[in-house]
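Here the structure comes first, spelled out in structure tokens, and everything after it is commentary.
The values are calculated or read from the model by the stated rules, or taken from the named source; none is laboratory data. Given the structure is predicted, the values throughout are model-derived calculations rather than measurements. Positions of Cβ are backbone-derived with ideal geometry, glycine not excepted, and every protein chain shown enters the neighbour counts. The protein model used for the area step is the full one, side chains on, heavy atoms only, and it has no ligands, DNA or RNA in it. Shrake-Rupley method; radii C 1.70, N 1.55, O 1.52, S 1.80 Å.
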Amino acid sequence: MKRDHLFYYGTLASALLPVVPACAKTKKGNASVDNRPQPNVIVIYADDLGYGDLECFGATRVQTPNVNALARSGIRLTNVHAIAATSTPSRYGLLTGEYAFRHAGTDIARGNAGMIIRPEQFTMADAFKNAGYATAAIGKWHLGMGDRDGEQDWNAQLPMHLGDIGFDYHYVMAATADRTPCVFIEQGHVANYDASAPIEVSYEANFPGEPTGKDNPELLFNLKASHGHNQSIVNGIGRIGYMKGGGKALWKDENIADSIAAHAVGFIRKHQQEPFFMYLATNDVHVPRFPHERFRGKNPMGFRGDAIAQFDWTVGQVISELERLELRQNTLIILSSDNGPVVDDGYQDRAVELLGDHQPAGPFRSGKYSTFEGGTVVPAIVSWPKRIEAGGESDALMSQIDWLASLSALVGARIPRGGATDSKNFLGTLLGENRNDRQYVLEQAANHTLSVRTREWKYISPSKGPAVIAGPNMESGYSPRPQLYDMQKPYEQENVALTHPDVVFRLQSYIEQERTKGSVYTSPISR
Ligand code: NG6
Ligand code: CA
């Protein structure tokens, strides 16, 4: 939301008192700032972390002590669904409360995509900002930067950035670690900018004289590709997209988690005296997995396992800082992931060979990209010591699409007309105060297939496409026939569509109903 609009919405928001519903089991914090009515809120959003990747969700081949402790301090949510099976549409839905299929340009974004969420849209950051919070986005962004696709001047202040959609502070990677530009962008400007090495980015053609993974495999000294990732080489790793320059601003993959954690801790420290909201989107466990040396070799799964351990460490850093500042009691932490897991996502990091009996998607079928549950079921933990009793668990059916309306209700932020149209207030469910299921959850696969989940059933719309996605070797779940699965057996195996036409009809109608709603934003971007 543009800054000029803030006064208007801020006035509306301040007219409403923060809605903090009564809770039977309230505990007391011990620091004075910890007794404010509004909690700090941190959304820790992992990348490609699967339901079965954490010890507290059943993993045994990797240790996640900090996340386990977080789960013990609050509730484990075992039936949470990301909005899509890939990052950009999933994050779009989380941050705007609008399904990605309503908005053009929400497929996996290039590193030089223009801002996908436009300033006139209401975002999770706006909700908190309007309620008087300091807001931040730190880590992976992957929702475009600058005004227009491919037209950014990476050597200057970008004319449009996260500050235009409600984030006061932002230190982000434009897209993913495997996409150029391989630099962090802080407040719309390349961090540690090196004037001696001007940056150019293209997703069309290489820059003359620059090496690529395709032509110069001998320069891939850190990681080689297994599929794709053969364009520009940065830090001995082939990327998607071309870039030139960067100099000392280029990231070193082994330090990305440290940079993200340090900036997260810095933001908390700086804003300890006021309520803050932080969207902390880690790079782990997305490819290229190239964790810092200190995480290597401590589990039998190689870099993928090390990246999980590094994610766990990041969580630990944030929690220790909150504890040190005596802010932990009144900080609501929501931890989850943007989509299901993938083992080989394009680099020879031995993740497949070393997987053993680890099940990244837990009991669910397939993973990232897929229409099957493994694509969108994600681990989720909610902890707020002051308000939520420790040691809980809930299997209420939830979608991340509802987190914006739920958190808006929590802090008393008013959602403007036309904003977050798909997001419903399920605050009580999110905080474990009730077990109210969403009536149905929509899930979007990589090929745009929509599926619908209810507590009992999963319906997958017919679609075209290969049964297995080559490269990641992932079962797509795409089929020209309608599929219906009984979710009492979580591993979708027996298609019962033919014997339950009434259920198929009902679930299809949910999808049709959603499709015909349309968007109030008429996709102002041409892409
Ligand atoms: C794919 C990439 C994959 C990953 C994914 C996006 C290739 C061969 N594969 O196209 O590595 O970057 O896009 O992942 O290029 S996501 O989690 O950000 O959606
Ligand atoms: Ca992802």
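Quick notes on this one:
- Arg417/Ser509 FRET efficiency (R0 45 Å; Cβ-Cβ; nearest 0.05): 0.95
- Kirkwood hydrodynamic radius (C-alpha pairs) into Stokes-Einstein, the chain, 20 °C and 1.002 mPa s, D in µm²/s: 93
- Rounded Å value of the spacing that divides the Cα centres of region 382-449 and region 205-279: 32
- Looking at region 191-275, the accessible area is 47 square angstrom per residue; that uses a 1.4 Å probe and ignores ligands, DNA and RNA.
- Once backbone amide H atoms are built at 1.01 Å from N, Leu397 has Asp437, Arg438 as its partners under 5 Å, excluding neighbours fewer than 5 places away on the same chain.
- Whole-Hz ³J(HN,Hα) from phi, Karplus 6.51 cos²θ - 1.76 cosθ + 1.60, for region 113-128, glycine and proline x: 5, x, 3, 7, 7, 8, x, 7, 7, 7, 10, 4, 5, 4, 4, 6
- Applying both filters, DSSP loop and at most 16 other Cβ atoms within 10 Å, to the trypsin sites (Lys or Arg not before Pro) of region 455-521 gives Arg455, Lys464, Lys517.
- Relative contact order for the chain, counting Cα pairs under 8 Å that sit 6 or more residues apart, in percent: 24
- For region 446-517, accessible area per residue (1.4 Å probe, heavy atoms of protein chains only), Å²: 56
- Relative to the 2.2 N^0.38 Å rule of thumb, region 160-276 has a C-alpha radius of gyration ratio of 1.19.
- Fraction of accessible area attributable to carbon and sulfur, region 446-517 (%, probe 1.4 Å): 56
- Simple spin-label estimate for Ala191 and Lys270 gives 1.1 nm between the two label positions (7 Å along the Cα-to-Cβ direction from each Cα).
- ³J(HN,Hα) computed for each position of region 488-493 - Karplus, 6.51 cos²θ - 1.76 cosθ + 1.60, integer Hz, glycine/proline x: 5, 10, x, 7, 4, 10
- DSSP-assigned coil residues among trypsin sites (Lys or Arg not before Pro) in region 385-430, each with at most 13 further Cβ atoms within 10 Å: Arg417
- Binning the C-alpha pair distances of region 381-527 at 5 Å intervals from 0 yields a P(r) profile of 2, 8, 14, 17, 17, 15, 13, 10, 5, 1, 0 %, listed from the shortest bin outward.
- The length gained on full extension between Asp153 and Asn255, counted as 0.36 nm times the residue separation minus their Cα-Cα distance, comes to 34.2 nm.
- Among the listed pairs Lys386/Lys489; Lys140/Lys214; Lys248/Lys368, those whose Cα-Cα separation exceeds 28 Å are Lys386/Lys489; Lys248/Lys368.
- Orientation-averaged projected area, Cα convex hull of region 310-450 (nm²): 11.2
- Rounded to whole Hz, the Karplus (6.51, -1.76, 1.60) HN-Hα couplings of region 214-226, x for glycine and proline: 5, 8, 10, x, 5, 8, 8, 7, 9, 8, 9, 7, 9
- Only helices enter the 222 nm calculation for the chain: every DSSP H run of n ≥ 4 contributes -39,500 (n - 2.57), and dividing by all residues gives -6000 deg cm²/dmol, rounded to 500.
- Of the GluC sites (Glu not before Pro) in region 131-234, those whose Cβ has at most 15 other Cβ within 10 Å and which sit in DSSP loop: Glu151, Glu204
- Alpha carbon convex hull of region 446-517, projected area averaged over orientations, nm²: 5.2
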